[in-house]
Amino acid sequence: MAQVQLREKIGYALGDAAAGGITWKVMSIAFPLFFTNIFGLTVADTATLMLIARMFDVVTDPMMGTLADRTQSRFGTYRPWLIYGAIPFGLIFALLLYTPELGLTGKRIWAYTFYLLMMVVYTAVNVPYGSLLGVMTSDDNEKNQFSSYRMVGAYAMGFVTLLSFPYLQKFVGGSDQHQYAVLGAFFGILAAAGTLACGLLTKERLKPIRAEKFSFKPFADLFRNKPWIILTLIGVCMNFFNGFRYAVAGYMFEYCMHGDVTVSGLIINYTVFMTFGEATCMVFGGVSPIFTKWVGSKRKAFLWAGVICVATSVLYFFIPMDAAYIWMMVAVVILTSVGIGIYSPLLWSMYADVSDYATEKNGTSSTGLIFSSGTMAMKFGTAISGSLVALLLGVAGFISGTDATGQTVITITNETAVQEMIWALFSLFPAIIAAIMIGLLYIYPIKK
């Protein structure tokens, strides 16, 4: 088999730089706060929107995986989806961050329409992107390297996106709605360019063993595949863990820190705060293959990473809720991100193992279908966690909406309860999820 070139690994990394480092990062960390405090939806609308749109993906992701597996074109099986999907991907993302001058009903229609479209186009691009890992090489070490490059690309771009966000807002100026609209267009163009570059720079060296005709057998086979079931549950837990922290970070700075914290000229808002974690994940995403080799298996490396996440999340809960302790908070976020950086590349490499296992057992390839479940787990975990954040804040006493003039209105009926809920959502809730993930890893049967 031809040797994989560095440019191809960089090209593959650009795909997740676009999807994971730009669009998904902004959707995970900015959207709950954007929809309630800037766009003007109620807490209930926000929770329902995020839940319905991403539950929709539970159906569309496996369908997309099956469709991608059967695609045949001059660009291959999975790459054409990246090449032709790049522009719609960036355009719809930009429109989603635009706030129209409408009443609450009009805003609901706009948000639901473009959020659903965003989930569809994200699926159409990201499921084939993940599936590419199964056909670019058959070498397990190369798969780990591709997966590591992917995570480094996502975290590096996430770092740039989150760190630059408040400074770009300041540069753009005007209202919050105007700032988000302009930044949506800017980052949408970057996302489209990265997706297109990934499709053009990568190669498909392996030919999927295709089923002769469409059937529901691959779907049935999935639920007889124990490694797939357990790994998908692990993926859901991973994204629950990340989802709680990203979705509540903006509220934490707004209502626990009482605004941005400025230290020696550095503006630390919620995006910059999470940037410290992104930088750490970028470094330890690159270290992950070395650490995995050292401990002896992907499963063991994942277990150690999970233990780090539990311990540091619990530790964060005991930090005083005061801006004077901002560097202590940053330090614990960095430690937590060591664990996240180690386990993030492993999930996709382990899905490649599950795909190989399924091909060996069933005689036909279901690479796209299996990798679509990884994307599905990501959306499912992020959807539920994002919805729970909105709902639990509402229970604690946070109320948002749009008044008769179209202006966003925020009311807090119990400030202490809201602050305590925010703090727990960033620390204790993720710790519980990480503990469940560790339990699942103990029964995961593939020992590579």
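The values are calculated or read from the model by the stated rules, or taken from the named source; none is laboratory data. These numbers come from a predicted model, not from an experiment. Don't worry about glycine lacking a Cβ; one is built from the backbone with ideal geometry, like all the others, and counts go over all protein chains shown. Keep in mind that these areas ignore ligands, DNA and RNA; they rest on the heavy atoms of the full protein, side chains included. Shrake-Rupley method; radii C 1.70, N 1.55, O 1.52, S 1.80 Å.
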Reachable aspartates and glutamates, given that their alpha-carbon falls under 18 Å from the alpha-carbon of residue 226 and they are not under 8 places away in the same chain: 353, 356, 360
Share of carbon and sulfur in the accessible heavy-atom surface of segment 300-345 [1.4 Å probe, %]: 80
Nearest-0.05 FRET efficiency for residue 229 and residue 318, computed from C-beta distance (R0 30 Å): 0.25
Computed lengthening from residue 186 to residue 295, 0.36 nm per intervening residue step minus Cα-Cα distance: 35.0 nm
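If you count, for each residue, the other Cβ atoms within 10 Å and average over each peptide, how do 141-153, 94-106, 427-439 line up from highest to lowest?
Numbers: 141-153: 23.2, 94-106: 16.3, 427-439: 20.2.
Going from most to least packed, we get 141-153, 427-439, 94-106.
Tell me which DSSP H helices of the chain clear both cut-offs, 15 Å or more of axial length from alpha-carbon atoms and a mean Kyte-Doolittle hydropathy of at least 0.5. Don't skip to the end; give the middle numbers.
On the way: long enough: 6-18 (18 Å, 0.00); 43-69 (39 Å, 0.84); 79-96 (25 Å, 1.51); 104-136 (47 Å, 1.00); 140-172 (46 Å, 0.00); 176-201 (37 Å, 1.13); 226-251 (39 Å, 0.90); 270-295 (35 Å, 0.95); 298-317 (29 Å, 1.09); 326-362 (53 Å, 0.84); 367-396 (43 Å, 1.39); 415-426 (17 Å, 0.72); 428-442 (22 Å, 2.41).
Within the chain the helices that satisfy the rule are 43-69, 79-96, 104-136, 176-201, 226-251, 270-295, 298-317, 326-362, 367-396, 415-426, 428-442.
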Accessible surface, per residue, of segment 1-123 when the full set of protein chains is kept, probe 1.4 Å, Å²: 36
Gap separating the Cα centres of segment 122-169 and segment 401-441, nearest whole Å: 28
For a label point 7 Å along the Cα-to-beta-carbon line of residue 112, residues of segment 82-103 with backbone N under 16 Å: 103
Principal axis dimensions, largest first and in whole angstrom, of the chain by Cα: 59, 44, 39
Packing-based ranking, highest mean first, of 392-399, 175-182 given that Cβ atoms within 10 Å are counted: 392-399, 175-182
Residue-span extension gain [residue 200 to residue 172] - 0.36 nm each, minus C-alpha spacing: 6.8 nm
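Please give the calculated 222 nm ellipticity per residue for the chain, where each DSSP H segment of at least 4 residues contributes -39500 (n - 2.57) and the sum is spread over every residue; nearest 500 deg cm²/dmol? Mind dumping the intermediate values first?
Values: 15 runs with 328 residues, N = 448.
Rounded to the nearest 500, it is -25500 deg cm²/dmol.
Restrict the search to segment 11-96; then list the trypsin sites (Lys or Arg not before Pro) that DSSP places in a loop and that have at most 12 other Cβ atoms within 10 Å of their Cβ. Don't skip to the answer; put the middle values down first.
Details: sites: 25, 54, 70, 74; in loops: 70, 74.
Here the trypsin sites (Lys or Arg not before Pro) that fit, given the DSSP loop and packing criteria, are 74.
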FRET efficiency, 1/(1 + (r/R0)^6) with R0 25 Å, evaluated for residue 399 and residue 55 via beta carbons: 0.50
Over 31 Å between alpha carbons, listed pairs 207/447; 207/293; 9/107; 107/203: 9/107; 107/203
Label-point separation, residue 328 to residue 263 (7 Å along Cα→Cβ), nm: 1.2
